[in-house]
Amino acid sequence: LRQASSAFWNSPESCAERLRSTVELLLDDQGIPRNARKAKGGLRHLVLAERIERAGEKNRRLRDVSDFLSSIRLFGNAGTHATVDDEIIAEGLQFIQEALFRVYDPKPSVQELAAKRVKMGKRAVPKK
């Protein structure tokens, strides 16, 4: 991620590729495999789109950020094969930041906090 940030001004394409690599590393860290078993034995490499899809099936937090991860994947692909503008890269940096926060430092919603207060008896529940 540091490499992506430092490449932002000099090489937006390189930045996009490094953001894509950050998604790969995030999935590695979350235990999403890079390979899958073939029906007839052996292993096959999973492309990033497949890994993102599998991540969403395995983990709610990853499912919640799958649109961010898929967008970054597409930005990275574009950076490999074409010129990308600064706005796309800035958006990609925002997407990866949001994805990382949601996966590694999730904040409960207001409703979740309210439900916990009720459950713990710290908020009155109307009686019949």
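Values computed for the structure shown
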{"quantity": "Positive-pole candidate from MET120, ILE32, VAL65, dipole of the range 32-128, charges at beta carbon", "calculated": "MET120"}
{"quantity": "Student exercise, the range 15-128 dipole from Lys, Arg, Asp, Glu Cβ charges, in Debye to nearest 20", "calculated": "1300"}
{"quantity": "Sequence-separation-based contact order of the range 6-95, relative, with Cα cut under 8 Å and 6+ spacing, percent", "calculated": "41"}
{"quantity": "Mean accessible surface per residue for the range 71-123, computed with a 1.4 Å probe while every protein chain stays in place, in Å²", "calculated": "70"}
{"quantity": "VAL110 - accessible surface, heavy atoms, 1.4 Å probe, Å² rounded to 10", "calculated": "110"}
{"quantity": "Residue-level accessible surface for ILE52, protein heavy atoms, 1.4 Å, Å²", "calculated": "10"}
{"quantity": "Integer Hz, Karplus 6.51/-1.76/1.60 couplings in order for the range 68-78, x for Gly and Pro", "calculated": "4, 5, 5, 5, 5, 4, 5, 4, x, 4, 5"}
{"quantity": "Accessible heavy-atom area order of GLU24, GLU50, GLU57, highest first, probe of 1.4 Å", "calculated": "GLU57, GLU50, GLU24"}
{"quantity": "Which of GLN94, THR80, HIS45, positive extreme of dipole for the range 15-128 (C-beta unit charges)", "calculated": "HIS45"}
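The values are calculated or read from the model by the stated rules, or taken from the named source; none is laboratory data. Worth saying up front: this structure is predicted, and the values here are computed from it rather than measured. Every residue, glycine as well, gets a Cβ built from its backbone with ideal geometry; the counts of neighbours run over all protein chains shown. Keep in mind that these areas ignore ligands, DNA and RNA; they rest on the heavy atoms of the full protein, side chains included. Shrake-Rupley method; radii C 1.70, N 1.55, O 1.52, S 1.80 Å.
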